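Values quoted throughout were computed directly from the atomic coordinates according to the rules given, and no laboratory measurement underlies them. This is a predicted model, so every value here is computed, not measured. Note that each Cβ is placed from the backbone with ideal geometry, even for glycine, and that neighbours are counted across all protein chains shown.
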Amino acid sequence: MRVVIAEDQMLLREGLTRLFADHGHDVVAAVGDAEALGAAVGAHSPDLAIVDIRMPPTFTDEGARAARVIKDTQPDVGVLVLSQHIDTTHAVGLVSRAGFGYLLKDRVLHVDDFMGAARRVADGGSALDPQVVAALMARADNDPLDSLSDREREVLSLMAEGLSNPAIARRLVVSERTVEGHVRHLLLKLNLAETEDGHRRVLAVLAYLRSRQPG
């Protein structure tokens, strides 16, 4: 996997570079601002771009805007956004794109899960932090989300993280058949078509949540 890393904090940038290198991946560029990120992605066409949501010069949303530009101009490049705090403003416009992820920075400490999420995004899948999913769901219109049971909401959140039914079953310590039942019921309640394509299933749910955003 060929990776571009954009992170203004040098220690974290170097740590991410080492982490990917130690797992056998090729970090083709490691930069500290959004302008350099755009140039690096254009020059190297990586499989994955790791993007800090806040970078110089204003430390507001430079990374988020750069992520959108990358997905608009080079949609095959996976983009994994990292943030210290949740900001659903920009996530709403990107969650239904193939090859997009949004994780809080402390998820990097869970190395195996983080690297799995990075690979999923590079392969065109999704990886959303559970807290980001919860924030999106909290902002969504309560009808028909209110019709979901607590367990169905939990399964929906894990689906949005990009987990397959077997992975959800392992996380919840239940049978795969039980998870399949929850998925079938929640998709029916959300008026979404069931599909064998796990990625499309996640995108369908996220697109639905996005459509419920006010304004």
Query raised in the report: For 104, 190, 82, what ranking results if the residue with the fewest other Cβ atoms within 10 Å of its Cβ goes first?
Result: 104, 190, 82
Query raised in the report: How large is ³J(HN,Hα), in whole Hz, for each residue of the range 116-126 in order, when computed from phi with the Karplus curve 6.51 cos²θ - 1.76 cosθ + 1.60 and θ = phi - 60°, using x for Gly and Pro?
Result: x, 5, 4, 5, 4, 5, 4, 8, x, x, 10
Query raised in the report: In whole Hz, what ³J(HN,Hα) sequence does the range 148-154 give by Karplus (6.51, -1.76, 1.60; θ = phi - 60°), x for Gly and Pro?
Result: 7, 6, 4, 5, 5, 5, 5
Report task. Pull out a ≥ b ≥ c, the square roots of the eigenvalues of the alpha-carbon gyration tensor of the range 2-128, then state rounded if a/c is under 1.5, prolate if not and a/b is larger than b/c, and oblate in the remaining case. Result -> rounded
Query raised in the report: Residue by residue, what Karplus-based ³J(HN,Hα) values in Hz, rounded to whole numbers, does the range 67-72 have, using 6.51, -1.76 and 1.60 with θ = phi - 60° and x for Gly and Pro?
Result: 4, 5, 4, 4, 5, 6
Query - Other-chain or far-sequence residues with amide H under 5 Å of residue 31's (modelled H) - result: 5, 6, 7
Report task. Calculate I(q)/I(0) for the range 50-112 by the Debye formula, one identical point scatterer on each C-alpha and no solvent, and give its log10 at q = 0.16, 0.17, 0.21 Å⁻¹ to two decimals. Result -> -0.48, -0.54, -0.81
Report summary line: Taking placed amide H atoms and a strict 5 Å upper bound, the residues 5 or more places from residue 125 or on another chain that come that close are 99
